[in-house]
1. So which of Ser218, Ser199 ends up being outside any helix (DSSP H, G or I), modelled with pLDDT under 90, more than 30 Å from Arg339 (Cα to Cα) and of a type in the set (S, T, N, Q)?
2. Going by what's in this entry, would Leu311 be described as within 14 Å of the chain's Cα centre (by Cα), among the hydrophobic types (A, V, I, L, M, F, W, C) and assigned by TED's automatic domain parsing to the domain that holds Ala269?
3. On the given criteria, is Tyr112 touching a strand residue (DSSP E or B) at 6+ places or on another chain (Cβ under 6 Å) and buried (at least 16 other Cβ atoms within 10 Å of the Cβ)?
4. Is region 245-264 home to any residue that is part of a helix (DSSP H, G or I) and modelled with pLDDT of 85 or more?
5. Have a look at Val125, Val179, Val129, Val154 and point out the one that is surrounded by 15 or more Cβ atoms within 10 Å (Cβ to Cβ), among the aliphatic types (A, V, I, L, M), part of a loop (DSSP other than H, G, I, E, B) and modelled with pLDDT of 95 or more.
6. Do any residues in region 63-81 that are free of Cβ contacts under 8 Å to residues at least 40 places away in the same chain have Cβ atoms under 7 Å from those of residues that are among the hydroxyl-bearing types (Ser, Thr, Tyr) and buried (at least 17 other Cβ atoms within 10 Å of the Cβ), where the two are at least six apart or on different chains, and which pairs are they?
7. Hey, could you check region 88-131 for residues that are without any contact (Cβ under 8 Å) to a residue 40 or more places away in the chain and among the hydrophobic types (A, V, I, L, M, F, W, C) and say which is nearest to Ile37 (Cα to Cα)?
Amino acid sequence: MGDARGDHVKVESDAPANELEKMMNSTNLNMSPGCCIFKVPNILRRHNPRAYAPNAFSIGPYHYGEEHLQATQKIKLKYLHDLISGFENPKTTLRTLAGDVSEVHQEARDCYAEPIDHISRDEFVKLMVLDGCFLIELFRRNADDALQKDDDPVFTRSCMRQLLNLDLILVENQIPWLVLERLFNRTRKREEMPHLLSSLVLGYFRDAGIIIPYLPYSDPLFQQFLSRNHENKHILDILRESLVMSYSISQEGNSYAGSMPSATRLREAGIKFKRGTSSKSILDIKFNKDGVLEVPPLNIQETAGSLFRNLICLEQCLPNCDPIVTSYAILLDQLIDTREDMEILCESGIIKNWLNVDDVTGLFNQLYLGTFLKEYYYTPLIAKVNEYCGHRWPRYRTVLMRDYFNHPWAFVSVVAAAILLILTFLQTLFSIIK
């Protein structure tokens, strides 16, 4: 047996080393700087596989060709046909679109973190044109009702649109923004010139009830968001940025320290809940010195769980991505521990729930399982809340109001007892003086 340095190790064959060397030379070991579309890590997928899998539409190469998604290819082809039919020479337009995508073929392919070598260059360009033009026509039709026809396979069927909405927010079901932008600019109509593709995307998801802040087009914050158009990575990235853009806490994330008490415990400590401004980001939670926790309203419907899970997955996978949505999910989990906690937030107008209460409670308790958090963006907020909870008077005041002043007759009884006590004291005092 050789020593630790391996000076006397006998090498039987050079084959293993040669094979490893060949593997290293034949594979690009560096992650592309533009890499932004990932497959869900198993540590996240195992908690809810259905939240990450498309139901009806494949967008991009990861689920391309799957048998159960083939029926909707016809819808995408129809949208592509209708989009190019508005031009004088549709065949020439189609070839031009394919050429535009072919020019950025490698850059677009490098956006995918997982190998897609099984898809040839021509096949990749074809699916980028088909899926990209389908999305562009979808967003255009949503913005202009006149473009929606009586036989529209999406807008005339609410179930189909719901399935599509769920599939468009999946981290594995994305195509590069640079492809969408090229296709949009090539097919842009004169009357659409003032609009950016990103504004059409946000308009679509806002109309679909997806949780994004409502900001007027003229709002400086919204204009600032639109100005970063070239920085967009894909549709899911835009949805995340729309949440983060109006997140007013500007400090950097802190190390995780302490937790937020549940809504029930906060109420017992004298903290009041207030519905925040709906135009702000749902992330923008505030606490003031008067003991009021202001939480922007959150509309919980069928897409909520899948959206949060895929946003969290994106934050976990994307290099140098601040885990702000992940921090929000952790905060909600701590606030909502029981059915009673959920009811408190619903009564306060903070959560509008379209699902079963117990299902929503379970949803928030499992959202961030399997994640790693190196920075927590609500540490200062939690510190203020816990400091307030440490004061005794707010808690005593809450107990007093709940147990003795929660009914007019209870108030009268307490006042009468106080008067009787005072009169008894005065009578005793006069007796002593005499």
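1. Every option except Ser218 fails the conditions.
2. Yes.
3. yes
4. yes
5. Val154
6. Glu66/Ser58; Leu69/Ser58
7. The residue in question is Val125.
Conditions (1) among the hydrophobic types (A, V, I, L, M, F, W, C); (2) touching a Phe, Trp or Tyr at 6+ places or on another chain (Cβ under 8 Å), marked per residue:
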position	(1), (2)
Asp122	no, no
Arg141	no, yes
Asp144	no, no
Phe155	yes, no
Leu170	yes, yes
Ser199	no, yes
Phe222	yes, no
Asn229	no, no
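The values are calculated or read from the model by the stated rules, or taken from the named source; none is laboratory data. What you are looking at is a predicted structure, and each value in this text was computed from that prediction instead of being measured. Backbone-built Cβ (ideal geometry, glycine too); neighbour counts: all protein chains shown.
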